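Each remark here refers to the structure printed beneath this line.
Every number in this text was worked out from the coordinates using simple rules, so none of it is lab data. For clarity, every value in this text was computed on a predicted model and none was experimentally measured. Note that each Cβ is placed from the backbone with ideal geometry, even for glycine, and that neighbours are counted across all protein chains shown.
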Amino acid sequence: MNKRDFLKTGIAGAIGLISVPALARSKNLFYSGKKEFLLPELPYAYDALEPYIDKETLMIHYSKHHAGYTAKFNAALKDLTTVPSTVREILSKASEYNAAIINNGGGYFNHKLYWKFMSPDGGGVPKGPVADAIQKDFGTFENFQEQFSTAAKKHFGSGWAWLIFQNGKLKVTITANQDNPFMDTLPEEQQGFPLLNIDVWEHAYYLKYQNRRAEYVNAFWNVVNWEFVNKRYARVAKS
Ligand code: MN
């Protein structure tokens, strides 16, 4: 288009020259040509996990904390020339990235899992393959529950308790801050494939339970989505 044509057709005509994919990119990505990690939709309503997880906590936790990690994660990735397509790829090479990417990427991914590990239809005892694996590696479900709860209750400061799959076995671990079991920066005994997590940052329970983290951890068992835990287990278990 020469200058005269541009003047004739005006701005609307000029916009018509921009390809559809370019428009789609500029709409979906705040920087062009690179991946943006999106805040996943919450799989249930804010009040769906009442009375165990209250509406206000869930709303702030998701729309402020998780949304914040998501925005900061994307902002931290902005200066990279290439961005891996999955968070797992980034976290498993955490040693190659800066603190902003690791902390916010961990926050982004840990919460993404946490929402799915809970369900209004959750709770009770697990069934299926993961129940068998729990029995094999912990003796009984109650033993596993006790180990996981104790880890979550006793962890000093912010972090997460996990059930991970490591070297063919299930194991309970704890990570500090927003660290994730995929991170190569963690000691080997904390690395593995995440099968269940619980957020023990104060923001996860303080509005309802104040300083009583133990009550929050006990309540958590009423909403654990064993179906999703089984789905994750199926990805790593040998048939
Ligand atoms: Mn949190």
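Structural remarks
- So PRO51, is it in a loop (DSSP other than H, G, I, E, B), touching a His at 6+ places or on another chain (Cβ under 9 Å) and not aliphatic (A, V, I, L, M): no
- Strands (runs of 3 or more DSSP E) completely within segment 104-222 that count 3 or more residues being among the aromatic types (Phe, Trp, Tyr) and in contact (Cβ under 8 Å) with a residue 24 or more places away in the chain: 159-166
- For segment 34-49, residues that are surrounded by fewer than 14 Cβ atoms within 10 Å (Cβ to Cβ) and either free of Cβ contacts under 8 Å to residues at least 60 places away in the same chain or more than 18 Å from ALA67 (Cα to Cα) (or both) total 3.
- Restricting segment 90-104 to residues that are within 17 Å of GLY192 (Cα to Cα) and of a type outside the set (Val, Ile, Thr), the residue that is surrounded by the fewest Cβ atoms within 10 Å (Cβ to Cβ): SER95
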